[in-house]
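Here the structure is laid out as structure tokens; the discussion comes afterwards.
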Amino acid sequence: MTPTITLIDTTRLKPNPNNPRKDIGDITALADSIRAHGIQQELVVTPITDSTDYRVVIGHRRLAASQQAGLAQVPCRIMELSPKDERELMVIENTQRHDLTPIEEADAYQGLLDLGSSIENMAEKTGRSTDFVRRRLKIAGIPRLTRALAKDFNQLSLSDLDVLAEFQGDETAQQELARQAGTNNWGWTVRKAREERKGTAWMNKALDYLHRAGLKTCQAPSNWWNDAPEGYQYSTCITNIQNTSFEKQWQKLIGSKPNIDAIIGLDETDHRAIVYERIPQDQIDNANRAKQAEKQRRAYAREQTKKARELHDASQALRAEWIHKTQNTWKKPMMQQALLHLVDGEILGNDEYRFPAGSGDINWSDKTIAAYNRMTTPLPITGKDPDNGIWHITTGKNLDELRRRARTGNTRQLQLILILLARREADINPGGMDQQKPAGQPATHQRLLPSPRTARIQAQRRGNTGARRQSHRGHEGRRRP
């Protein structure tokens, strides 16, 4: 076979569909050089069967640059090549120039392998090691559908391609990895896929052992730590966390419990086996008795609640009926006494450590006691003393004394008024002191007590009245015989 060199029209030269290099790149500079100096190296072409055209074997970039430079003909070396020789020549040419991406080189080796070349022959022809060729062939096995899912598959690094090839046979994992290739989620997705593969392998071995050992199994419930099969209780959960097979962990368990009667709940999604141990019959009987006792207790409680509700409703109806029928016959002294009792219960109550609910401030009771102490004879405890365990002045001692004052002697009404005033003082918010009160709405104290001016006028009037009475008594004495 003697190669010949001749000028061939560029229109008769066809790109080779099996060219390993899929992207010829930027040819602007090369076109400028050819336009100025011509082509310095001929193209290698081979005749196309049943055609006058030729297929390019070496020189795809030069052909494209020549067409861009406007050349009508280019020098070509014509060689009669078999499909295998044609591919070998393209692979050798491109690998020597380092023009191929990893996936382009891998596909080129796969093409030669399909035409009958051996790994050893390809390694010898390209100057690569057999391990290198095998690694590239493994990458070439990545399916076209998976490749299409990557953002820019041809530009992936060799290490990324190796990871994708690692999951050959696991279509779901491989396709998800292809989607995440070149993104910030790549590392996390790889770790997750490897953990899933490891867990699946562990679970498959566990299932095989369970079948061989004839152990009872069931589907693990979603709430597997609480929802055990009937008659069983949760014992332990066996997983691959310690890189130990299910068989070894099970043998260790039965070593400590040789008579264990268990059923294995399988969770294949999360790769774990839950051991449920049969509950002893006496424990079941005790549990059933406890459930029955609890059921009876609740039934009794419901019955008592029902009776209490009936009593409440009946007594409430009786009270309402009595008040409705007798309220028009109540006398003033009786209503005054009732009012005192109602006010007493409303503002004092009977709790040992607090008043009935006030403004909601946790220190409201202390504020009330402090205000009361400012208005009248102070109660026994006037201030907090944390060193001696007095954290609040609303103590049992103070409340007992306050209730004694309000419930004994002749000053009951006065004490209740003082407590009401102290409660209102405790409700005053310092933050609202600069807000002007609307006209016509006097303060609580002004509604309950006379103003200082009014008090002076009333005292003066009482003094004048007393003087007139004394003068009148004197005149009467002088008129007496």
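Odds and ends about this structure:
- Our summary gives region 85-187 a relative contact order of 24 percent, counting only alpha carbon pairs under 8 angstrom and 6 or more residues apart.
- In angstrom, the C-alpha Rg and Dmax of region 94-248 are 22.0, 73.
- Length gained on full extension, N243 to R35, computed as 0.36 nm times the residue gap minus the Cα-Cα distance: 68.2 nm.
- A crude spin-label estimate for the pair L340 and S157, with each label 7 Å from Cα along the Cβ direction, gives 9.4 nm.
- Size descriptor, Kirkwood hydrodynamic radius, that averages inverse alpha-carbon separations across region 228-334, Å: 19.9 Å
- Region 179-240 and region 370-386 have Cα centres lying 68 Å from one another.
- Taken along the Cα-to-beta-carbon direction at a fixed 7 Å, the label points for R407 and T10 span 11.5 nm.
- Here the 3J(HN,Hα) profile of region 317-322, calculated from phi with Karplus coefficients 6.51, -1.76 and 1.60 at θ = phi - 60°, is 5, 5, 4, 4, 5, 5 Hz, Gly and Pro shown as x.
- Projected label distance in nm at R147 and S256, using a 7 Å step from Cα toward the beta-carbon: 5.4 nm
- Of the GluC sites (Glu not before Pro) found in region 279-356, the ones in coil according to DSSP and having at most 10 other Cβ atoms within 10 Å of their Cβ are E352.
- I284-E195 FRET efficiency (beta carbon distance; Förster radius 35 Å; 0.05 resolution): 0.30
- Listed residue pairs exceeding 19 Å between alpha carbons, taken from K216/K248; K14/K151; K138/K198; K151/K198; K14/K125; K205/K248: K14/K151; K138/K198; K151/K198; K14/K125
- Straight-line cross-link reach from K384 at under 19 Å between alpha-carbon atoms covers these lysines, not counting any fewer than eight positions away in the same chain: K367, K397.
- Stretchable slack from R319 to Q233, in nm (0.36 nm times residue separation minus alpha-carbon distance): 25.4 nm
All of the numbers you see were taken from the coordinates with simple rules; none came from a lab. As the structure is a computational prediction, the values presented were derived from the model and not from experiment. Using ideal geometry, Cβ is built from the backbone for each residue, glycine included, and neighbour counts are taken over all protein chains shown.
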